[in-house]
Amino acid sequence: MPVDGEAVRVRDEADEPGWEVDPDDEWGVAVITTVGRQLKLRREAVGMRAAEFGAAVGYGEDLVYKVEGGKRIPRQEYLDRADEVLGAGGLIAAAWEDVKRVRYPKKVRQLAKLEAQAVEIGIYESNGINGLLQIPDHARALFEAMQPPYSPDEVERMVAARVARASIFERSPAPALSFVLEEAALRRPIGGTMVRRQQLERLLEVGRLHNVVLQVMPLNCETHSGMDGKIELLKFADGSAVGRSDGAFNGRPTSDPKHLRIFDLRYGTIRAQALSPRESLVFIEQLLGET
């Protein structure tokens, strides 16, 4: 039925405001099941059928059952509309504080949690542009190209998760961030010419931040200590750290001081071999001018 005198288009599966719940994510399942149960109880308390409620919030009956059954993670707009339609006085909308903590895949949440706690992060990316630096359209093009393919819904969920991690650049106090990217990755037109331009512009924007050091490893570098693959180093305020390298210790994260010293040595050597931060920004500007 119309709400506030306005016609509400009932959106289909392609428009669904949420994502499928990962059955292996126990915490996520618990949160979404609880929120769904509360939505159902409130809907029934005001005497609305699922189809009627769906029409009021602008979504199909099937989606209503999925959300209420804990099978679908609702987005914020769904909860806001439900709160308004059911006259919940903000209680349903407030559930977003819990939902937003589990809206992304478990592995992504764990990584984002570590990044949010780190006071220093160093990353050498061997094949592409690091996820923290990616613009949405670049990330979307990458996910759409993966095999086996993600569904369109899964692609959007992964893009949203990757974009959310970029909030690290807005943290206060700001962490010390350093990145080394390969020239080849900057030249590859992922997503097309316009997306590449926007991605290069984003790199320049981030590279000029006071707490960020961005470097480029040029193709003509004759000595390269990063040929074994990606390196990640995260250091925390209590003096602890965690690191990972594709070419060491089976690629698994480690906090062993001996392993971390090796990562520090490799990463420091790679940074010394790459262009300086100033040279790197000039180089990216030149690439942008060529597009």
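The values are calculated or read from the model by the stated rules, or taken from the named source; none is laboratory data. All values derive from a computational prediction rather than experimental measurement. Cβ coordinates were reconstructed from backbone atoms using ideal geometry, including for glycine residues, and neighbour counts include every protein chain displayed.
What the table below lists for this structure:
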read-out: Those helices (runs of 4 or more DSSP H) lying entirely in region 101-175 with at least 2 residues over 24 Å from W27 (Cβ atoms) and at pLDDT 90 or above; value: 136-144
read-out: Residue satisfying condition, being surrounded by 16 or more Cβ atoms within 10 Å (Cβ to Cβ), closer than 27 Å to A161 by Cβ and in contact with a helix residue (DSSP H, G or I) (Cβ under 7 Å, 6 or more places away or on another chain), within set R81, R43; value: R81
read-out: Tally of residues being in a helix (DSSP H, G or I), among the basic types (K, R) and in contact with a strand residue (DSSP E or B) (Cβ under 6 Å, 6 or more places away or on another chain) across region 61-89; value: 1
read-out: Neighbours by Cβ (under 6 Å, 6+ apart or cross-chain): first from region 258-275, closer than 16 Å to D246 by Cα; second part of a helix (DSSP H, G or I); value: H259/F249
read-out: Single residue of M217, M158 found to be out of contact with any Leu (no Cβ under 6 Å at 6 or more places or on another chain) and assigned by TED's automatic domain parsing to the domain that holds G268; value: M217
read-out: Which numbered condition A248 fails, given (1) touching a residue at least 24 places away in the same chain (Cβ under 8 Å); (2) over 24 Å from S280 (Cα atoms); (3) surrounded by 15 or more Cβ atoms within 10 Å (Cβ to Cβ); value: (1)
read-out: Hits in region 176-195 (condition: within 21 Å of Y267 (Cα to Cα) and either assigned to a helix (DSSP H, G or I) or hydroxyl-bearing (S, T, Y) (or both)); value: S178, E183, A184, A185, L186
read-out: Pairs with Cβ under 7 Å, 6+ apart, first in region 36-55 and closer than 16 Å to R72 by Cα, second aromatic (F, W, Y); value: A50/Y65
